[in-house]
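Following: one structure in structure tokens, then a few remarks.
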Amino acid sequence: MKLRVGIVGCGKIAINHVTALNDLPEVEVVGVCDPDAERAAEFARTFGVPHSYTDLDELLGSGLDAVTVCTPHPAHELVVLAAARHGLHVLCEKPIAVTLDEADRMIAATDAAGVKFGVLFQRRFWPAAQRITQALADGRLGQPIVGSVIVRLGRDADYYAEPWRGRWDTEAGGALMTQAIHHVDLLSSYMGPAVAVRGRIATLKLGEFIEVEDTAVATIEFASGALASLQVSTTFAPGLGAQILVSDHAGHAASVAEFPEGTPGQNDIWTLPGEEQYRQVYSPEINSDPELAEIHTNLVPFHRLQIEDFVRAVLDDRDPLVTGREARKSLEIILAIYESSRTGDTVQLAAS
Ligand SMILES: NC(=O)c1ccc[n+]([C@@H]2O[C@H](COP(=O)([O-])OP(=O)(O)OC[C@H]3O[C@@H](n4cnc5c(N)ncnc54)[C@H](O)[C@@H]3O)[C@@H](O)[C@H]2O)c1
């Protein structure tokens with residue numbers, strides 16, 4: 001019997017979800033929901049989904065096994081809590097939520113309901129990102145002592161034309177909360193628990209149309225004693241992609257670079273003995289600023305891998321690769337950067 005899945009929120013990233021879900025033979029997408037009735041109906045028609053709803057409870061009560069959540073960030077909690085109430089497994093887009101209290105309620109509710117709860121961080125499924133995880137797991141790369149995240153992207157007025165974007169009350173952050181959270185998630189998965197964060201955010205270029213940050217710098221200290229730096233900005237034209245690098249006590253370094261934005265990460269630096277490799281990811285031949293739709297299309301194979309992992313987790317009764325608890329870590333670091341920037345103090349985290 002097929003897993004009956006619904007999709008909540010019929011905007012841009014929902015296209016990745018429905019495309020990936022429609023590719024999986026174990027799955028049947030049976031319904032979608034969006035407060036905009038026409039958008040929901042059009043989405044259902046386009047992707048061959050039999051039912052569309054404007055009422056969330058109607059979708060959730062329509063005999064589903066699982067839902068995926070593609071609403072703006074501040075609406076993630078209400079959908080995940082409702083899914084848990086209906087006893088449905090739930091896979092939510094990043095960020096998990098916009099406050100730690102929300103994230104904790106989502107984790108507690110899905111635990112109490114005994115349903116699987118995953119959060120979409122599809123960059124975890126890049127082979128180049130998993131190669132670092134594997135090198136750490138088998139000891140070829142030791143516990144990292146130094147790490148860095150660099151995210152240098154470009155955003156413009158068109159991107160922020162979506163009314164919920166660019167405002168603290170409806171997006172809860174900018175370059176960090178929405179773009180760099182993927183790269184912070186990867187760094188955190190390599191470095192282990194973070195214990196202290198100091199940072200500054202600013203709106204240096206895009207202030208004409210956003211109030212959230214377009215730039216952030218921070219230092220992060222980990223329970224292991226390791227240190228990492230972060231430089232994030234959506235002010236670059238052309239965009240220069242992103243890179244996450246870790247290096248161990250022996251001085252060996254591994255990195256994963258994303259250029260242009262949305263394309264699969266590549267190991268541009270790899271100095272593990274006997275495996276040394278350097279790769280130039282930049283080239284004038286490459287279009288450094290693909291349109292958002294192209295960025296999303298390039299992400300589909302990795303959405304597919306993570307959605308497949310989630311479906312297998314449900315069918316095999318195991319945790320998905322990125323659980324709610326795992327996704328909480330990147331949110332905690334980002335909220336600590338905001339707090340540190342506000343207060344000027346170092347923010348201590350409860351190492352978890
Ligand atoms: N994993 C990724 O790489 C990636 C990429 C883009 C967006 N996202 C995430 O996906 C989410 C949605 O982003 P988007 O760009 O698709 O936004 P969008 O604005 O294109 O679409 C959001 C949709 O949600 C609907 N919606 C709003 N409130 C709702 C509710 N309470 N119930 C049901 N539907 C509701 C809106 O009407 C809209 O159709 C965000 O959290 C974003 O961070 C993830």
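The values are calculated or read from the model by the stated rules, or taken from the named source; none is laboratory data. Model, not experiment: these values are computed from the prediction. We place every Cβ from the backbone using ideal geometry, glycine too, and count neighbours over all the protein chains shown. When the accessible area is computed, the model is the full protein with side chains, heavy atoms only, and any ligands, DNA or RNA have been set aside. Shrake-Rupley method; radii C 1.70, N 1.55, O 1.52, S 1.80 Å.
Could you give me the residue pairs with C-beta distances under 7 Å whose first residue belongs to the stretch 56-83 and is under 19 Å from His303 (Cβ atoms), whose second residue is near the ligand (Cβ under 9 Å from one of its atoms) and among the hydroxyl-bearing types (Ser, Thr, Tyr) wherever it lies, and which are 6+ apart or on separate chains?
Here the result reads Val79/Thr71, each pair linking the stretch 56-83 to a residue that is near the ligand (Cβ under 9 Å from one of its atoms) and among the hydroxyl-bearing types (Ser, Thr, Tyr).
Here's a check for you: in the stretch 1-12, which residue that is surrounded by fewer than 17 Cβ atoms within 10 Å (Cβ to Cβ) and within 9 Å of the ligand (Cβ to nearest atom) is farthest from Arg123 (Cα to Cα)?
Gly11
Just to be sure I understand the filter: pairs with C-beta atoms under 6 Å, separated by 6 or more residues or on different chains, first member in the stretch 268-297 and within 24 Å of Ile13 (Cβ to Cβ), second member more than 16 Å from the ligand (Cβ to nearest atom) and open to solvent by 40 Å² or more (accessible area, probe 1.4 Å). Which pairs pass?
Ser288/Pro238; Asp289/Pro238
Does Trp168 fit the bill of being within 21 Å of Leu204 (Cβ to Cβ) and either outside the structural domain of Ala228 (by TED's automatic domain parsing) or within 16 Å of the ligand (Cβ to nearest atom) (or both)?
yes
Could you please find all residues in the stretch 278-315 being within 28 Å of Gly87 (Cα to Cα) and either small (Gly, Ala, Ser) or away from the ligand (no atom under 16 Å from the Cβ) (or both)?
Of everything in the stretch 278-315, those that are within 28 Å of Gly87 (Cα to Cα) and either small (Gly, Ala, Ser) or away from the ligand (no atom under 16 Å from the Cβ) (or both) turn out to be Val311, Arg312, Ala313, Val314, Leu315.
Hey, Thr263 hits all of (1) closer than 19 Å to Ala20 by Cβ; (2) buried (at least 20 other Cβ atoms within 10 Å of the Cβ) but one; which does it fall short on?
(2)
Which ones in the stretch 17-34 are open to solvent by 40 Å² or more (accessible area, probe 1.4 Å) and among the acidic types (Asp, Glu)?
Asp23, Glu26, Glu28, listed by residue number.
Which residue, of Pro284, Pro238, is open to solvent by 10 Å² or more (accessible area, probe 1.4 Å), more than 17 Å from Leu187 (Cβ to Cβ), assigned by TED's automatic domain parsing to the domain that holds Arg155 and within 27 Å of the chain's Cα centre (by Cα)?
Exactly one residue qualifies, and that residue is Pro238.
Any residue in the stretch 174-197 that is within 12 Å of the ligand (Cβ to nearest atom) sitting within a Cβ distance under 6 Å of a residue that is of a type in the set (D, E, K, R) and open to solvent by 10 Å² or more (accessible area, probe 1.4 Å)? List the pairs, counting only those 6 or more apart or interchain.
Listed pairs, sorted by first residue: Ile181/Lys94; His182/Arg123.
Suppose the filter is touching a helix residue (DSSP H, G or I) at 6+ places or on another chain (Cβ under 9 Å) and in a strand (DSSP E or B); does Ala180 pass it?
No, not satisfied.
Read through the list (1) within 21 Å of Arg155 (Cβ to Cβ); (2) more than 21 Å from the chain's Cα centre (by Cα), then give the number of the only condition that Ile295 fails.
All conditions pass for Ile295, except number (2).
Each row is one residue, and each column tells you yes or no for (1) in contact with a Pro (Cβ under 9 Å, 6 or more places away or on another chain); (2) aliphatic (A, V, I, L, M).
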position: Glu221; (1), (2): no, no
position: Thr235; (1), (2): no, no
position: Ala242; (1), (2): no, yes
position: Val246; (1), (2): yes, yes
position: Arg279; (1), (2): no, no
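Can you pull out the residues in the stretch 246-265 that are under 15 Å from Gln134 (Cα atoms) and within 25 Å of the chain's Cα centre (by Cα)?
Val246, Ser247, Ala253, Ala254, Ser255, Val256
Please work out which one of (1) assigned to a loop (DSSP other than H, G, I, E, B); (2) surrounded by fewer than 23 Cβ atoms within 10 Å (Cβ to Cβ); (3) within 15 Å of the ligand (Cβ to nearest atom) is the condition Ala157 fails and give its number.
(3)
Which of the residues that make up the stretch 35-68 are of a type in the set (Val, Ile, Thr), within 12 Å of Cys10 (Cβ to Cβ) and crowded, with 21+ Cβ neighbours inside 10 Å?
If the condition is that a residue be of a type in the set (Val, Ile, Thr), within 12 Å of Cys10 (Cβ to Cβ) and crowded, with 21+ Cβ neighbours inside 10 Å, then Val49, Thr68 are the ones that fit.
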